[in-house]
1. Could you pull out which residues in segment 426-454 have an amide N less than 15 Å from a spot 7 Å beyond the Cα of Asn487, following the Cα-Cβ vector?
2. Given points 7 Å out from each Cα along the Cα-Cβ axis, report the Gln399 to Lys327 separation in nanometres with one decimal.
3. Tell me which of Leu343, Gln388, Val420 sits at the most positive position along the dipole axis of segment 324-465, charges placed on C-beta atoms (Lys, Arg +1; Asp, Glu -1).
4. How would Asp478, Asp569 rank on accessible area, largest to smallest, probe 1.4 Å?
5. List the residues whose amide H sits under 5 Å from the amide H of Leu26, counting only those 5 or more places along or on another chain, with H placed 1.01 Å from N in the peptide plane.
6. Which ³J(HN,Hα) values in Hz, rounded to whole numbers, follow from the phi angles of segment 39-55 under the Karplus curve 6.51 cos²θ - 1.76 cosθ + 1.60, where θ = phi - 60° and Gly and Pro get x?
7. Gap in Å between the Cα centre of segment 134-207 and the Cα centre of segment 83-116?
8. Taking the Cα of Ala496, stepping 7 Å toward and past its beta carbon, and measuring to each backbone N in segment 421-449: which are under 19 Å?
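The values are calculated or read from the model by the stated rules, or taken from the named source; none is laboratory data. These numbers were taken from a predicted model, which means no experiment stands behind them. Glycine also receives a Cβ, built like all others from the backbone with ideal geometry; neighbour counts cover every protein chain displayed. For accessibility, only protein heavy atoms count, side chains too; no ligands or nucleic acids. Shrake-Rupley method; radii C 1.70, N 1.55, O 1.52, S 1.80 Å.
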Amino acid sequence: MTADKQTEGKVSTMDENKENSSDGGLGLEILQIIKESQQQHGLRHGDYQRYRGYCSRRLRRLRKTLGFKMGNRHKFIGKKITVEMLSDNRYLLLVLMEAERAWSYAMQLKQEANTEPRKRFHLLSRLRKAAKHSENLEKLCESPNVDAKTKLEAQAYTAYLTGMVEFELQEWKRAMEAFNKCKTIYEKLASAFTEEMAALYRQRVDEISPNIRYCAYNIGDQNAINDLMQMRLTGGGGGMMAEKLETLITQARTKQAATMSEVEWRGRTVPVKMDKARIFLLGLADNEAAVAQASNEETKEHLYETLLAECRDTIQAVREELKTEAKQRERSSDNESGKVSNLQFLHSYLSYIKLCTLVKRNESMAHTLHSKLKEPDADESKRGPKPQDLIRLYDIILQSLAELATLQGLEDDHAFQKEVSLKTLVYKAYRCFFIAQSYVLVKKWSEALVLYERVLKYAKEVQSKAKSLNNSLKDLPDVQELIAEVNAEKYSLQAAAILDTDETVEAPSQQQVRDNTPLCNRLEAFRLDASLVGKHPNLVQFPPDFQPIPCKPLFFDLALNHVAFPPLDDKVEQKGKGGLTGYIKGIFGFGS
């Protein structure tokens, strides 16, 4: 919260500078103020609640600064800003912040309305409130004290919020009129001011355009759907329009799905009875065309992820149907264990689409990383791509190809198995190439050379097998280009290895003293040894080695074994035999 308040202080200072008009009248850079405030206070991450809190705090500071308080802590007394009060630009900013607070609360409720539909009523109430505040701002800007630019921006802002209200109410015609008015004003402003301000106005126009096309489609313009699809490719229509556009595309495909009943793949016609599978298969060609037309890698990655998510959902639905079918087969007596059912073959087809899409996505990412790998590092502080990153991508590709070869129903399809094995060889060659590149970086020349030879072996094997398979290399990376690159890398590697050997030959002359012989044992030879002036000089060996020394003699008395001692029987006390008398005496102590 401390960082937010510090940022708010900076924004307030900047906004005060923006509120000063150069032509003598009151001015307010409405669009620039709200855009910068939104980007710095939560909307960069879609956090509308944080932006709403910022607007509330900003309103409180403005009211306190202007002395425009709504009563006291005990009683609320409502006040309205009138044209006569416009002696300061901040009165206009006060009304703008009220509209922004209501709009941000509406957008917050829109996010929550996905799980709680009742909040939609509150959402409409807040949007109407925001539009009402914007109308008050427009009326205040009609004062002669306000400059022309501010008047136009206020009209565009009001038209935008009015269009948002009508859009949520699905009043397409009125919403389209409001958005068109907003678009026209911002286009005129963009042509009249500096390039920096023009970029801001054009950005707002780009945000509004998908809404206009969507309204046109709902009014009855069938050509608008093509424009919306094109906007989807270029990444337009974010925020409120993203969900609307996806829903619209799903509805269009659902209408077409009623005419689709079967699909043909690998020479077998499979009936498609599930609506979810029909919708996905109908949109497959559009999605692939969208990926091919994608303008940048970020858009292409987003489209791949969307396609994979739809495919996973469809496969999950088919899998649930397979479980039901398996239970029915267990109950029935005519269980066909050898033949693959139509539903199972459809599952294999969808799995094939998913795995092929994964291969294409990872290949696209690998191609991008390979291009960056060839470029020189402009910024050394940033971590650039490494060969290990590409090795990981090709590992995932090979794993996907291994799963392709095990799809149920295609075990006996020899042409399919040959295609998969050929693709596996191609990607093995590329994986081996980048493993060799990683060995080159750590100067393991012999290992890298062996791996380059392995790449050439894979590539020649691919070329020999591709002759029997027509159009098998159409969608694969160019093997001939890889061969040329490997040959060039081999020459560079041999030259680097020779240069590195020359360096290592000269190195012992500099480091020939790097042995473990202490100084006391090599006093007759002069050598440069930097360690002698360091913290741990090798002067003597410590602890010293053990040396043999003479032992102290041990004396053994061997004569004792040959000495005969005299008998001592007469000296030893003999115990008498007392019998019963002696036993009794011993008991009572008489004999002691």
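1. Counting only backbone N, you get 453.
2. If labels sit at Gln399 and Lys327, their model points lie 3.3 nm apart.
3. Gln388
4. Descending order: Asp569, Asp478.
5. Val146, Asp147
6. With coefficients 6.51, -1.76 and 1.60, one gets 5, 8, 9, x, 6, 5, 10, x, 9, 6, 5, 5, 5, 5, x, 4, 4 Hz.
7. 15
8. Counting only backbone N, you get 430-449.
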